[in-house]
């Protein structure tokens, strides 16, 4: 990478970090482009070179935050001993992250309205569907679900996790809601993947 390209990449990352912080703190509607430019210490032209619109900037922030969430969920799952334990740990990590101010505001509160439901779902699936399928393949190998129904189970789980995360993000008491969601999650997973289920 030459010097100019490296500087461009540095500016891009700095803008993303600055905008992510501001969107999380203030929300999309209360974060003007002028504030991002000022806080990042770059020109308006530099910002528009990388992000042609405010929505494009938010979309990039959303994708970056979702990627971080996916890494945290995968790390939690890898620490588990059994396939069901891995799935349980990954789901629990996602519910825990629903209380994180950055995830809460950018991914769960603002994203559906800013980028639209279809794009929001597209980004979510890009970062999470593959990992869920891996966990479910392992469970299918143990005879805990029928392999032909793997994709249906994957979408069911992602839908359930999204709704639980939204409940937590919008709750007056996110900690209490997270405890309730975690309890329901345990029941759901045990019901879907009890030992010997075919």
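Only one of these conditions is not met by residue 15: (1) in the same structural domain as residue 142 (by TED's automatic domain parsing); (2) part of a helix (DSSP H, G or I); (3) touching a helix residue (DSSP H, G or I) at 6+ places or on another chain (Cβ under 8 Å). Which number is it?
If we test residue 15 against (1) in the same structural domain as residue 142 (by TED's automatic domain parsing); (2) part of a helix (DSSP H, G or I); (3) touching a helix residue (DSSP H, G or I) at 6+ places or on another chain (Cβ under 8 Å), just (1) comes out false.
Taking the options 29, 63, name whichever one is closer than 21 Å to residue 110 by Cβ and not in a helix (DSSP H, G or I).
Among 29, 63, only 29 is closer than 21 Å to residue 110 by Cβ and not in a helix (DSSP H, G or I).
Within segment 79-91, can one find any residue that is outside the structural domain of residue 28 (by TED's automatic domain parsing) and within 13 Å of the chain's Cα centre (by Cα)?
Looking for residues that are outside the structural domain of residue 28 (by TED's automatic domain parsing) and within 13 Å of the chain's Cα centre (by Cα), one finds at least one in segment 79-91, hence yes.
When you look at residue 175, is it within 18 Å of the chain's Cα centre (by Cα) and at pLDDT below 95, yes or no?
Answer is no for this residue.
Residues are listed down the side, and each one gets a yes or a no for (1) touching a helix residue (DSSP H, G or I) at 6+ places or on another chain (Cβ under 8 Å); (2) closer than 20 Å to residue 68 by Cα; (3) free of Cβ contacts under 8 Å to residues at least 24 places away in the same chain:
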| residue | (1), (2), (3) |
| --- | --- |
| 121 | no, yes, yes |
| 124 | yes, yes, no |
| 130 | no, yes, yes |
| 135 | yes, yes, no |
| 143 | no, no, no |
| 147 | yes, no, yes |
| 159 | no, yes, yes |
| 173 | no, no, yes |
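From the list 116, 143, exactly one residue is at pLDDT 95 or above, in the same structural domain as residue 96 (by TED's automatic domain parsing) and either over 13 Å from the mean Cα position of the chain (by Cα) or crowded, with 18+ Cβ neighbours inside 10 Å (or both). Which is it?
It is 116.
List the number of the failed condition for residue 79; all other conditions in (1) under 21 Å from residue 181 (Cβ atoms); (2) surrounded by 17 or more Cβ atoms within 10 Å (Cβ to Cβ) hold.
If we test residue 79 against (1) under 21 Å from residue 181 (Cβ atoms); (2) surrounded by 17 or more Cβ atoms within 10 Å (Cβ to Cβ), just (2) comes out false.
Which of the helices (runs of 4 or more DSSP H) contained wholly in segment 112-198 include at least 1 residues that are closer than 21 Å to residue 63 by Cβ?
117-141, 150-170
Quick one: which of 19, 67 is touching a residue at least 40 places away in the same chain (Cβ under 8 Å), on the phi < 0 side of the Ramachandran plot and loosely packed, with under 14 Cβ neighbours inside 10 Å?
Exactly one residue qualifies, and that residue is 67.
Can you tell me how many residues in segment 86-112 are touching a residue at least 12 places away in the same chain (Cβ under 8 Å) and more than 22 Å from residue 173 (Cβ to Cβ)?
The number of residues fulfilling the criteria is 6.
The values are calculated or read from the model by the stated rules, or taken from the named source; none is laboratory data. Owing to the predicted nature of the structure, the values given are computational and were not obtained by experimental measurement. Every residue, glycine among them, receives a Cβ derived from its backbone with ideal geometry; neighbour counts consider all protein chains shown.
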